[in-house]
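**Q** There's a structure below that I have some questions on.
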């Protein structure tokens with residue numbers, strides 16, 4: 001999930017570990033079946049995604065076009081299945097180690113696209129603060145994209 005922001009920051013143990021000004025907050029959920037190829041595709045897609053307004057008010061500019069940055073925060077709960085019972089099931093989320101590796105690869109791929117990247121701490125209890133811009137919130141899913 002990607003949110004256009006005026007600013008965003010993430011805190012771990014009362015310390016700011018990542019902060020961006022204009023750009024985007026990415027809440028990255030890693031699915032149990034995700035691959036490095038999908039992480040590379042996703043990084044390229046998001047770096048090029050035009051969800052910032054141009055001078056006419058149309059969504060025609062990417063984060064690279066505006067000179068923005070991205071804060072990437074891991075979020076396994078995005079794959080929480082709430083269809084049955086009262087408690088979400090997280091069986092679709094990647095196990096810790098493969099999830100961490102793909103999260104780190106995604107961040108590296110995004111940086112290789114030329115996007116300045118800040119991060120949270122994978123698996124940590126984090127506090128995220130942001131000011132939405134728009135709001136513009138998009139879901140970008142790799143399932144069926146490759």
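**Q** For segment 107-115, does any single residue satisfy the condition of being in contact (Cβ under 8 Å) with a residue 24 or more places away in the chain, surrounded by 20 or more Cβ atoms within 10 Å (Cβ to Cβ), within 12 Å of the chain's Cα centre (by Cα) and under 19 Å from residue 22 (Cα atoms)?
**A** Within segment 107-115 (the criterion being in contact (Cβ under 8 Å) with a residue 24 or more places away in the chain, surrounded by 20 or more Cβ atoms within 10 Å (Cβ to Cβ), within 12 Å of the chain's Cα centre (by Cα) and under 19 Å from residue 22 (Cα atoms)), the answer is yes, since at least one residue qualifies.
**Q** So, residue 142, is that one assigned to a loop (DSSP other than H, G, I, E, B), surrounded by 13 or more Cβ atoms within 10 Å (Cβ to Cβ) and either modelled with pLDDT under 95 or at positive phi (or both) or not? Explain how you work it out, then say what you get.
**A** Numbers: assigned to a loop (DSSP other than H, G, I, E, B): yes; surrounded by 13 or more Cβ atoms within 10 Å (Cβ to Cβ): yes; either modelled with pLDDT under 95 or at positive phi (or both): yes.
For residue 142, the condition - assigned to a loop (DSSP other than H, G, I, E, B), surrounded by 13 or more Cβ atoms within 10 Å (Cβ to Cβ) and either modelled with pLDDT under 95 or at positive phi (or both) - is met.
**Q** Working only within segment 106-118, note down all residues that are in contact with a helix residue (DSSP H, G or I) (Cβ under 6 Å, 6 or more places away or on another chain) and within 15 Å of residue 75 (Cα to Cα).
**A** Selection gives 106 alone.
**Q** Just a yes or no: is a residue in segment 80-90 on the phi < 0 side of the Ramachandran plot and under 18 Å from the mean Cα position of the chain (by Cα)?
**A** There is at least one residue in segment 80-90 that is on the phi < 0 side of the Ramachandran plot and under 18 Å from the mean Cα position of the chain (by Cα).
**Q** Continuing with the same structure: What number of residues within segment 10-22 are farther than 24 Å from residue 98 by Cα and either touching a helix residue (DSSP H, G or I) at 6+ places or on another chain (Cβ under 9 Å) or surrounded by fewer than 21 Cβ atoms within 10 Å (Cβ to Cβ) (or both)? Even if it seems obvious, please write down each step before you answer.
**A** Just the residues of segment 10-22 that are farther than 24 Å from residue 98 by Cα, to begin with: 13-16, 19-22.
Filter again for either touching a helix residue (DSSP H, G or I) at 6+ places or on another chain (Cβ under 9 Å) or surrounded by fewer than 21 Cβ atoms within 10 Å (Cβ to Cβ) (or both), leaving 13-16, 19, 21-22.
So the count comes out to 7.
The values are calculated or read from the model by the stated rules, or taken from the named source; none is laboratory data. Everything numeric here is computed off the predicted structure, so don't read it as measured data. A quick note on method: Cβ atoms are made from the backbone with ideal geometry, for glycine too, and the neighbour counts reach across all protein chains shown.
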